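So the structure is just underneath, and the comments pick up after that.
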Amino acid sequence: MMTKSEQMDKLLETYGSGASGADIIAVVRQVFAIQLEWMPVLAADTDTETSTYEGSANAAFEAYIESHDRKTASGVDIRQWINQLFGINLDALSALEGKQISMFSKGRWMIQSSDDLFAVHTGPHDVDVQISATVRYVELTGSSEPPQALITDLSRLGYEYDSQSFCFRYADPAGKAVPDSFKGHTIKALLDAIREFNRRVLFAEG
């Protein structure tokens, strides 16, 4: 089964080297169900976002790809452009498919499944992050309290754990968008916890 990134690459191939900004936005909408045309565009040379209206993202993306070598660009290149312009890492979202992590960002669910065990919420401009257990996790454990190992791992990254709400919270001290490297460390900690959780569940059922 192809990943969403691979599905995107397959669709982009049908355009050859002639895909316009609007074509690429349409492909993203079809594969990822993300409407880039309604997403805020990151202001140049900053980590802040500008407000947007329908059409502005199309124009911004078209101008952006015109300043790059579109004819030789791969799907990976295009997804990097989208991350740089909109702050949406499509390859990361693709890699999270089926990994039992929900992701809420830019005011919408980017990825979500009824089998997910943890949910990651990023606030406006991605300057803060909140992580909590899902309904499915509570159903399986009878509690919203996360594993102690996850509390330890996320605390090391700088998250604060609220034992009353069973939530982890992190905010960038400088008020800037959380970098992809930090998000990667966060996802790794969650994947490690999910892997161990599933191992114990399968062992108990066996």
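The values are calculated or read from the model by the stated rules, or taken from the named source; none is laboratory data. All figures in this text were calculated on a predicted structure; none of them were measured in a lab. Counting neighbours? That spans all protein chains shown, and the Cβs are built from the backbone with ideal geometry, glycine included. Surface accessibility is based on the protein's heavy atoms, side chains included, excluding ligands, DNA and RNA. Shrake-Rupley method; radii C 1.70, N 1.55, O 1.52, S 1.80 Å.
Which residues, counting only those in segment 146-196, are hydroxyl-bearing (S, T, Y) and more than 17 Å from the chain's Cα centre (by Cα)?
Here is the first cut: in segment 146-196, the residues hydroxyl-bearing (S, T, Y) are 152, 155, 159, 161, 163, 165, 170, 181, 186.
Hits for segment 146-196 are T152, S155, Y159, Y161, S163, S165.
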- Message: Tell me whether segment 150-170 contains one or more residues that are in contact with a Gly (Cβ under 8 Å, 6 or more places away or on another chain) and part of a strand (DSSP E or B).
- Response: yes
- Item | Residue satisfying condition, being free of Cβ contacts under 8 Å to residues at least 24 places away in the same chain and in contact with a strand residue (DSSP E or B) (Cβ under 8 Å, 6 or more places away or on another chain), within set S144, S165 | S144
- Message: Contact list please: Cβ distance under 9 Å, first residue in segment 15-36 and among the acidic types (D, E), second residue part of a loop (DSSP other than H, G, I, E, B), pairs at least six apart or on different chains.
- Response: D23/Y15
- Unmet criterion (only one of (1) open to solvent by 50 Å² or more (accessible area, probe 1.4 Å); (2) touching a Phe, Trp or Tyr at 6+ places or on another chain (Cβ under 6 Å); (3) at positive phi) for Y161: (3)
- Would you please name the residue that is modelled with the highest pLDDT, looking only at residues in segment 171-198 that are outside any helix (DSSP H, G or I) and either buried (at least 16 other Cβ atoms within 10 Å of the Cβ) or in contact with a strand residue (DSSP E or B) (Cβ under 7 Å, 6 or more places away or on another chain) (or both)? A171
- Within segment 1-22, how many residues are open to solvent by 40 Å² or more (accessible area, probe 1.4 Å) and either at pLDDT 85 or above or under 17 Å from the mean Cα position of the chain (by Cα) (or both)? 12
